[in-house]
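> To start, I am sharing the structure in question, which I have written as structure tokens.
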Amino acid sequence: MRHTHASMLLAEGRPVTEVSARLGHKDVRTTLTVYAHATPGSDAETTAAIDSWLAKSSSRSS
């Protein structure tokens, strides 16, 4: 349950510092190494976020 809990929080976009503190880790690198693996659909979400940012950025410069 601990792994699922941490992975779900990170997948929902909670700050890694918050998740790390909740788990009692002294160093966020522990949290990132153990729990911040790619989740199904995360690549598509990341691509969409980058596309959105680029679209906003290009509309500002035109």
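> Pick out, from Leu54, Val19, Thr4, the residue whose Cα sits farthest towards the positive end of the charge dipole of the chain, with +1 on the Cβ of Lys and Arg and -1 on the Cβ of Asp and Glu.
Toward the positive end, the furthest listed residue is Val19.
> Counting every Cα pair in the chain, what percent are over 15 Å apart?
Cα-Cα pairs in the chain separated by more than 15 Å: 57 percent.
> A further question on this structure: Evaluate the charge dipole of the chain about its Cα centre and quote only its size in Debye, nearest 20, assuming +1 on the Cβ of each Lys and Arg and -1 on the Cβ of each Asp and Glu.
That gives the chain a dipole magnitude of about 220 debye.
All of the numbers you see were taken from the coordinates with simple rules; none came from a lab. Treat the numbers as computed from the prediction; the structure is a model and nothing was measured. Quick reminder, even Gly has a Cβ in these numbers, built from the backbone with ideal geometry, and neighbours come from all protein chains shown.
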